[in-house]
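A.B. asks: I am attaching a structure below and will ask some questions about it afterwards.
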Amino acid sequence: QRGRALPGAVGALCRALPPHARPAPDTLRRARFDRPQASLDFWRLLYALLKQIHGGKWTESDAIDNQIRFVKSALWYHGYGRPELYRLPSDGSAGSRELLLTFSWLLQRLGLLEQLLARNRVKTGDETSVCTCEDDLPNSQKGTTEIVPEYGLEDRVDVRYLQWLNGRLRFQWRSLHAQHQEHCKLLHKIHLFTSGSHMDQILGHFSVTETDLIRQPENYKQLLQLLESETMQLEAFLEWKQLEPVYWHWMETVLDNVAEEGNICESQDAHVEKNGLPKVTSDCPWADSLTRQIDRLSRDLLALRDRLHELVTHRKAAWCEKVKAREEELQKEGFSATARKIQESVELKLVHLCAPKKNKAHGPCRLVFRSKHPASKMGFGRSSVSREPVSAVSATEVIRELQMRGASLERELKQLQEECRQRLDEIAGGLDGVICVSP
């Protein structure tokens, strides 16, 4: 039964992907047997999907080596640590089974289909993104700073160049903010002028897409095609969720084959290394003297290891005593300052803990014009023909929440600045002949 259901699972998976990045089901089956013909197709597939996730533009005319370089960088960013992938050639001539494993990892780890369906959703209403929650950094992105190489003095960047980049970033941020304000003004005009025209009394007004369809009715065919394509993707996604266990059972067999081939290669390498070693027999006149020299060196190394172990133990005990004495001195000197910092930190955390808990808004929400009319007093919601009230998120509440969060971050920043200033004063106090003036 699993064998008969496998083609349906693979077909549903392919149909649930975006149309421009939709592989043929035979591509996955050929990759199962590590056919080189499927390697290029898989590299292009991963390139198109990862480009969409990262919000970048992609073209089929991009060179294959650039596509492969981008895919490897993106996978390293997401925490894919299998070294066999990064050893694949840059011309895409091999490694289709390894790419199949990578594709399956993206499906399970990143929720690839869910992300793509959310990004490619046809938007008929005017939406905005609201986020008042405090999400931590994803686990896949934690520890990325640990792999940053240490640069020498010759690789340091001039601080003036960093200041120029900071100024350029501020200018672009202000330009983006001005464009966003202009966009909001135009949306307000459309919602105000079309108020009371929509058949859904909860909304009460047209969106930009609906207004454009009224002005240009011939565009409805294109919108209808997009909606039909999205409906087919959603149906394929539902079919995929039902057949997903079959696919993962199939991937377990692929992993078993990879493990078996890896064990065979390791045994062959070990056999070659074993046969390649020179055989020492009694016929060699230098064998006995070489063996005695090796034994003598082994004894010397063992004695040196014991001496180093004793020396390290002695030094470690001496350093522990010094550190303990220094800790006692610091505790006597900075007890009051430490207690004050702890009290401030506890008070700051209590402010967040004692604050009333409420559901944090996150994700896209539809903009609904709010006027004096009772039917259109809903802030955000989904378009629906029902008259049931929808959950509303007021812009004033969001602004107040963000202001509180900004004030909390400002207090934390001042506390960190004060700690850094005290640390710099301590360092400057230990420098002879140097006068430091605080800014």
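A.B. asks: How many residues are in a helix (DSSP H, G or I) and open to solvent by 40 Å² or more (accessible area, probe 1.4 Å) if we restrict to segment 203-228?
C.D. replies: So the answer is 18.
A.B. asks: Which condition number in (1) at pLDDT 85 or above; (2) of a type in the set (F, W, Y); (3) in contact with a helix residue (DSSP H, G or I) (Cβ under 6 Å, 6 or more places away or on another chain) is the one that W58 fails?
C.D. replies: (1)
A.B. asks: Right, next: Let me confirm something: among R156, R160, which residue is open to solvent by 100 Å² or more (accessible area, probe 1.4 Å) and either at pLDDT below 70 or within 26 Å of the chain's Cα centre (by Cα) (or both)? Talk me through it step by step, then tell me what you get.
C.D. replies: Values: R160 fails: either at pLDDT below 70 or within 26 Å of the chain's Cα centre (by Cα) (or both).
Only one candidate passes the filter, namely R156.
A.B. asks: Could you tell me which residue of segment 312-344 is farthest from S408 (Cα to Cα), considering only residues that are modelled with pLDDT under 70 and of a type in the set (S, T, Y)?
C.D. replies: Only one residue tops the list, namely S336.
A.B. asks: Can you confirm whether L85 is under 25 Å from the mean Cα position of the chain (by Cα), hydrophobic (A, V, I, L, M, F, W, C) and crowded, with 20+ Cβ neighbours inside 10 Å?
C.D. replies: no
A.B. asks: Still on this structure: Just checking, how many residues over segment 109-132 are free of Cβ contacts under 8 Å to residues at least 60 places away in the same chain and either assigned to a loop (DSSP other than H, G, I, E, B) or within 16 Å of the chain's Cα centre (by Cα) (or both)?
C.D. replies: Initially, segment 109-132 is screened for residues free of Cβ contacts under 8 Å to residues at least 60 places away in the same chain, giving 109-111, 114, 118.
Then drop every residue that is not either assigned to a loop (DSSP other than H, G, I, E, B) or within 16 Å of the chain's Cα centre (by Cα) (or both), which leaves 109-111, 114.
Residues that pass the stated criteria total 4.
A.B. asks: Follow-up question, since we're still on this one. Looking at the structure I just gave you, is E239 farther than 18 Å from V368 by Cβ and open to solvent by 40 Å² or more (accessible area, probe 1.4 Å)?
C.D. replies: Details: farther than 18 Å from V368 by Cβ: yes; open to solvent by 40 Å² or more (accessible area, probe 1.4 Å): yes.
For E239, the condition - farther than 18 Å from V368 by Cβ and open to solvent by 40 Å² or more (accessible area, probe 1.4 Å) - is met.
A.B. asks: Turning to a different aspect of this structure: Could you run through segment 187-202 and say how many residues are free of Cβ contacts under 8 Å to residues at least 60 places away in the same chain, open to solvent by 70 Å² or more (accessible area, probe 1.4 Å) and within 41 Å of the chain's Cα centre (by Cα)?
C.D. replies: Of the residues in segment 187-202, 1 are free of Cβ contacts under 8 Å to residues at least 60 places away in the same chain, open to solvent by 70 Å² or more (accessible area, probe 1.4 Å) and within 41 Å of the chain's Cα centre (by Cα).
The values are calculated or read from the model by the stated rules, or taken from the named source; none is laboratory data. No experiment lies behind these values; they were computed from the predicted model shown. FYI the Cβ positions are ideal-geometry reconstructions off the backbone, even for glycines, and counts take in every protein chain you see. Heads up: the accessible areas ignore ligands, DNA and RNA and are worked out on the full protein's heavy atoms, side chains in. Shrake-Rupley method; radii C 1.70, N 1.55, O 1.52, S 1.80 Å.
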